[in-house]
Amino acid sequence: MFRPVAWRLLAVLLFSLALPAHATTYYVDAGAGSNTYNGLYSAFSGGTNGPKLNIGSAITAASSGDVISVASGFYGLETNWDLSTKALTLLPQGQVIVYQSDPWLTFSIGDGISDGWRQYYFGSSTTTNYLSCATCDPNDNGVSNYGEFTNGTDPIVMAATAVIPTNRLIDWTQAGMGPGGIPTVTTTSTVISAGANAGTIQTALDNAASNSVVILSTGSYTINAELKIRHNGVVLRGADPSGTGVVFNGASPLADSSNPDIMLNIGEQDIIFPSVVTDACGYSTTPYSNNWIAGFSVGMTNIYVAANATTQNLAAGMIIGLDEHDDGTNLVPGIGDTDASYARECNRRSLSEYKVITSVVTNQITFYPGLISPYWNASLDPAIFWPDTNAADYVSLCGVENITFNGNNLPKYVVNIGPSFHCWIKNCFINNVHSGTSGESQLGASFAVNFEVRHSTLTPGPTPSSYGNYDFSPHNCSGYRFEDNIFNGYYNPILHYECSGYVEAFNYFTNDLDQATDGNEGCYCAGPTANFAAHGGQVFFGLVEGNYARYHEYYNNNGYETYGVTFRNRLTGYEKPTDTNASSSFRPIRLMENSWYESIVGNILGTSNYTTPYEGASGGDAVYCTAGTNGDFISGGPADVDFSDPKVTNTLFRAGNWDAVNEAVVWGTIAMQPITNSLAYSGRPAWYPASLTWPPFDPNGPTLTPTNLPAFYRFLHNGADAP
């Protein structure tokens, strides 16, 4: 039972609009006497006039059930009344109701609800109506007033919801390492002295036992060959918890003739398909697949395949992909793509999920996590596929912590994750120094399931690459959590390739570059590029939440995003003075061809005087830039295709977003309602600093700055965490 005020045996103070009809009303004139008394004590101990003396006299004369009304606007910020000490402070309006018994223990109506509870919420303790009866449900949340009274919950305030239709939602709380978070591994395997070479570090990693840590002493290390964490349960950790005291400086080139692209890989294989065949379009793909014949429901963790899986060397711990042909209705049309090695059969199998196998028994494969897509269909030729038949090449429960990586002209990644399950990167600084046109991404992932990257900083180095400086590029991944990171100075911070069921949340983006105005004239496209975009195959059921960023693009030349959710972000559309160049755009949202069933809820969108109009062509400055024939294209097949796609706006769900054009929250055809705080978490996460407001962005009281983001706090305070 909820008791919001401390009730006295003889009298209570509460504020209400309704007055009981039977009560004698005592009115104190606001103009009588002076208001210099400090509560009732002064009035009773020697004061001779003033409204507080009058209130005291009225209380003395009052009988049980009488109401004393106090004039509005006279008593300032006084809020408390303690009859036992005769100290009275009062709000500018209100009333004092005098009782002889505690109304929270009195049940006059006899329906199980106390007089005090009913008076507090509905203004009358002795009458009921269509709102206050025991069986009524005034906030329409499925719980009666009697249930709210018993539960101690508010019967008036509507329960916060996701607002978004349920068929567009999955349980994102399980992404990454799950609710338990990254484990703390405490057993030390080896301590390596500063200055050790790559060979010494690799030997220590190979010899480490499961659930142990290889510790790097504070200092610098020159890394002249690719490092690999290739055994389960091994953590590579810098001894300095700030992440800046242990520095890996990459040689150029790395002494790895087979693949001189990556400084460190979590997993044995650092490429997507180590064994390849060529499909009908001439793209490289994996030779390993099996037809999937049963087990298509959401949540399923076991399926049946046509061929005996054990004879194909499938085993527990391996990562598999699941895909099917596009249907043109819920899944994007089958159109070829020049960047489609990530989706099989010329990008005509663009829906995919990735799982870790837990057991194989002849034709039955059990995996984790369960299926998330409701669109798996036996008629669309579903299949499984995998990159490598050697089970030892897949790792789990491996981590990298507290290290600064300085890549040196690496043409691919500084660090890569996969093939792997439940691995992580935490509290690292990842940089890739470029010169000329070399370099692509700082961080990659491939065939990785439920990994986590958090509390890290990614920067491109002083010279941007004409390849686009992709910051984080996950390929063929599912269920990952990329959270609480800082991006500083990128063209395309996050580009997805065939990913699903992921969370990208509470990241801070700053100093985004403009490909036409920031010295990168050789890049494939001009103008500002997106903080989030699909760039290969189909991206499915991704959650982007609580980020401070420039803009979200739901399609990027070679990839599509469907069933994505953009939730409670601050998307500015604009960041720095150079954005005023004519080639720049100020859009926070760009929905292009094949961006179907997107949901945009609870965001703060655009910047006043820059973002306008509310809706417009996909290349413009509108709050919502939607699909149009403006040069956006899908390349491949017999010829490039350029088309307008009305299904983009027809399937778009948007509600509860504040935008800079209306300077108000727009609900459209959706009824206004409270928005739940998070889809990534069931409540405020334990890691979120107590000094910062949760959630960080609220469209109803729009905070246009990233003040409440932990990552922003670290950016301002030289890496220090908020208290």
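Here are the numbers for the structure shown:
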quantity	calculated
Ranked VAL157, VAL648, VAL544, VAL665, criterion: other C-beta atoms within 10 Å, fewest first	VAL157, VAL665, VAL648, VAL544
Difference of contour (0.36 nm per residue) and Cα-Cα distance, ALA251 to ASN129	36.1 nm
Most to least packed among 373-382, 563-572 [average Cβ atoms within 10 Å]	563-572, 373-382
Rg to Rh quotient for the range 100-181, alpha carbon positions, Kirkwood Rh	1.20
Per-peptide average of other Cβ atoms within 10 Å, ordering 236-243, 310-317, 590-597 highest first	590-597, 236-243, 310-317
Projected label distance in nm at PHE653 and SER108, using a 7 Å step from Cα toward the beta-carbon	4.5 nm
Convex hull volume of the range 654-723 per residue (C-alpha atoms, cubic angstrom)	107 Å³
Gyration tensor verdict on the range 168-223 (Cα atoms; rounded if a/c is under 1.5, prolate if a/b is larger than b/c, oblate otherwise)	prolate
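Rule-based calculations on the coordinates, nothing more; no lab input. Predicted, not measured: the structure shown is a model, and the values here were computed from it. Heads up, the Cβs are rebuilt from the backbone with ideal geometry, glycines too, and the neighbour counts pull from every protein chain shown.
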